[in-house]
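What follows is one structure encoded as structure tokens, with my remarks underneath.
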Amino acid sequence: MNTPIDLKDADQRIVYVKTVDVADLPENVQAEAGELEQLYAVHDADGQQLALVADRKLAFVLARQHDMHPVTVH
């Protein structure tokens, strides 16, 4: 298999998933989080938050539905 692949835009499709403590978020977001202690944030390569969701699996599904490649940040 010698199929050329254009990787010039590949880094723009990577998003980063990390845990966020609800206590560190604004009060209105804390109220919406209910009993959850942590949420999962999805960020682009520039660090801009794209989404904030209830669980890790949902963060990955959301990213993949938008043709992005999620990776976990520790």
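Every number here is computed from the coordinates shown, using simple stated rules; none is lab data. If you're wondering where the values come from, they're calculated on a predicted model, not measured in any experiment.
Long-range amide H contacts for Ala51: which residues qualify at under 5 Å (H placed 1.01 Å from N, peptide plane, sequence gap of 5 or more or a different chain)? For Ala51, the qualifying residues are Val42.
For the range 31-74, what class follows from the C-alpha gyration tensor (a ≥ b ≥ c being the square roots of its eigenvalues): rounded when a/c is under 1.5, otherwise prolate if a/b is larger than b/c, else oblate? List each step's numbers first, then the result.
Numbers: a/c = 2.03, a/b = 1.64, b/c = 1.24.
Prolate shape, in that a/c is at least 1.5 and a/b is the bigger ratio.
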